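Q: Once you've had a glance at the structure underneath, I'll fire off some questions.
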Amino acid sequence: MQLVINSKGAYIRKRGECFEIMIDEKKTEIAASKVQSIVITTAVLISTDAILLANEHNIDIVFLDYYGNPFSRIWHSKFGSTAFIRRRQLELSMSSEGLEIVKGWVREKVENQIALLEKLSRTRESKREEIEQFILKIAESNSKLTNISAGSVDEVRGTIMAFEGAAGRTYFEALAFIIPEQYKFDGRSRNPAHDHFNAFLNYGYGFLYSRVERACVIAGLDPYIGFLHTDNYGKKSFVFDIIEIFRALVDEVVIKLFSKRMVKNDMCREIKNGLTLEKEGKQLLIAEINKEMEETVRYRNRNIKKCNIIEFECHRIANSFIGDNKDVDMVDL
């Protein structure tokens, strides 16, 4: 499980082989063997013994900021795998082969967006025709990627991001068309969000980011060596590359929350230049994401939980970098 602590003033300590969590004098014990990661979203106390227990069980402790973005992580200091994977990652990022890899990732991202819209259209008969028009427009942008050719990503980065951006604008226009009228929004707005829908999206993407970063490290991939996203000091560019493939997982959860009218106006509050999620909104979103991640789906000819798809893909990518095309055994993850 992913253990999420969002109660201010909570205290986490070790008791035997369990984490003991105290919130307002109420104690809860959770076996370390059942925990994959610990996410802390507010002011919490944690003992060094609890940190050591997490280290012994390969559990990362992630701290999220106000907007849901990870700002720090406590984990063991060992590399996830052989350094050969990192060397190949650097080489490929500057080659024509790396360009083909990037085009594949962008296509997969857009195809996942199209798949979600097709799924949503099946339960919205009155809006189906309009949604299908959005899908056709997105597919047209995606098809143009095939014709991009160069010696490396650097030469055509702007062109790729322009196509990706065009598809993205149409996609979010479709989502705005689908959700209830009172929550219509005008395109993507990042931190801070300008509306309720984007406030939920931003926090959900931050939560997803922590999962993707963890999967990259476990697979032996370097979070800082990006292909499409450029290198900047302290920027985990590769995580930004890979997260694009999985954003639709969060999009689907947020769409469901709004479509089922589970979102209340007071789950967001006004801040300077925008909105941010309140505790109740964070709890609702994280609970629904974790619930969604536990669902079993058919993926690459096997039945796996959605939460394992990210780890599966990162291992597959790492294997492809070193020319090992064998499948990944999910039992080892």
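The values are calculated or read from the model by the stated rules, or taken from the named source; none is laboratory data. Not measured: the values here are computed from a predicted model. Quick reminder, even Gly has a Cβ in these numbers, built from the backbone with ideal geometry, and neighbours come from all protein chains shown.
Q: Any idea which of Val4, Val35 is in contact (Cβ under 8 Å) with a residue 60 or more places away in the chain and either farther than 30 Å from Ser149 by Cβ or among the β-branched types (Val, Ile, Thr) (or both)?
A: Checking each option against the conditions leaves just Val4.
Q: Does Glu97 meet the test of being assigned by TED's automatic domain parsing to the domain that holds Ala215 and not basic (Lys, Arg)?
A: For Glu97, the condition - assigned by TED's automatic domain parsing to the domain that holds Ala215 and not basic (Lys, Arg) - is met.
Q: Kindly provide the set of residues from the range 154-172 that are free of Cβ contacts under 8 Å to residues at least 40 places away in the same chain and touching a helix residue (DSSP H, G or I) at 6+ places or on another chain (Cβ under 7 Å), ordered by number.
A: Across the range 154-172, the qualifying residues are Ala166, Thr170.
Q: If only one of Ser93, Ser33 is over 30 Å from Leu277 (Cα atoms), small (Gly, Ala, Ser) and either under 23 Å from the mean Cα position of the chain (by Cα) or surrounded by 15 or more Cβ atoms within 10 Å (Cβ to Cβ) (or both), which one is it?
A: Of the residues listed, the single one that is over 30 Å from Leu277 (Cα atoms), small (Gly, Ala, Ser) and either under 23 Å from the mean Cα position of the chain (by Cα) or surrounded by 15 or more Cβ atoms within 10 Å (Cβ to Cβ) (or both) is Ser93.
For (1) more than 23 Å from Lys260 (Cβ to Cβ); (2) not hydrophobic (A, V, I, L, M, F, W, C), each residue gets a yes or a no:
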site	(1), (2)
Arg88	yes, yes
Gly98	yes, yes
Glu111	yes, yes
Ser126	no, yes
Ile131	no, no
Ala139	yes, no
Ala150	yes, no
Gly187	yes, yes
Phe197	no, no
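Q: Within the range 262-276, track down each residue that is exposed (fewer than 11 other Cβ atoms within 10 Å of the Cβ) and either of a type in the set (Val, Ile, Thr) or out of contact with any helix residue (DSSP H, G or I) (no Cβ under 8 Å at 6 or more places or on another chain) (or both).
A: Those that are exposed (fewer than 11 other Cβ atoms within 10 Å of the Cβ) and either of a type in the set (Val, Ile, Thr) or out of contact with any helix residue (DSSP H, G or I) (no Cβ under 8 Å at 6 or more places or on another chain) (or both): Glu270, Lys272, Asn273.
Yes/no matrix, rows are residues, columns are (1) in the same structural domain as Asp60 (by TED's automatic domain parsing); (2) under 15 Å from the mean Cα position of the chain (by Cα); (3) buried (at least 22 other Cβ atoms within 10 Å of the Cβ); (4) not basic (Lys, Arg):
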{"residue": "Phe185", "(1), (2), (3), (4)": "no, no, no, yes"}
{"residue": "Ala193", "(1), (2), (3), (4)": "no, no, yes, yes"}
{"residue": "Leu201", "(1), (2), (3), (4)": "no, yes, yes, yes"}
{"residue": "Ile218", "(1), (2), (3), (4)": "no, no, no, yes"}
{"residue": "Leu221", "(1), (2), (3), (4)": "no, no, yes, yes"}
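Conditions (1) under 24 Å from Ile218 (Cα atoms); (2) more than 25 Å from the chain's Cα centre (by Cα), marked per residue:
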{"residue": "Ile12", "(1), (2)": "no, yes"}
{"residue": "Phe19", "(1), (2)": "yes, yes"}
{"residue": "Glu25", "(1), (2)": "no, yes"}
{"residue": "Thr28", "(1), (2)": "no, yes"}
{"residue": "Asp49", "(1), (2)": "yes, yes"}
{"residue": "Ser72", "(1), (2)": "yes, no"}
{"residue": "Ile85", "(1), (2)": "yes, no"}
{"residue": "Ile101", "(1), (2)": "yes, no"}
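Q: Name the residues in the range 278-310 that are β-branched (Val, Ile, Thr) and over 13 Å from Gln2 (Cα atoms), would you?
A: The answer is Thr296, Val297, Ile304, Ile309, Ile310.
Q: Every residue in the range 298-315 that is in contact with a strand residue (DSSP E or B) (Cβ under 7 Å, 6 or more places away or on another chain) and loosely packed, with under 12 Cβ neighbours inside 10 Å, please.
A: Correct list: Asn303 only.
Q: Kindly provide the set of residues from the range 175-216 that are assigned to a loop (DSSP other than H, G, I, E, B) and free of Cβ contacts under 8 Å to residues at least 40 places away in the same chain, ordered by number.
A: Passing the criteria: Lys184, Phe185, Asp186, Gly187, Arg188, Arg190.
Q: When you scan the range 237-251, how many residues do you find that are surrounded by fewer than 21 Cβ atoms within 10 Å (Cβ to Cβ) and more than 12 Å from the chain's Cα centre (by Cα)?
A: Matching residues across the range 237-251 total 1.
Q: Taking Lys279 and the conditions (1) touching a residue at least 40 places away in the same chain (Cβ under 8 Å); (2) within 21 Å of the chain's Cα centre (by Cα); (3) surrounded by 14 or more Cβ atoms within 10 Å (Cβ to Cβ), which numbered condition does it fall short on, given that it satisfies the others?
A: It is condition (3) that Lys279 fails.
Q: Can you confirm whether the range 243-252 contains a residue that is within 30 Å of Arg86 (Cβ to Cβ) and at pLDDT below 90?
A: Within the range 243-252, not a single residue is within 30 Å of Arg86 (Cβ to Cβ) and at pLDDT below 90.
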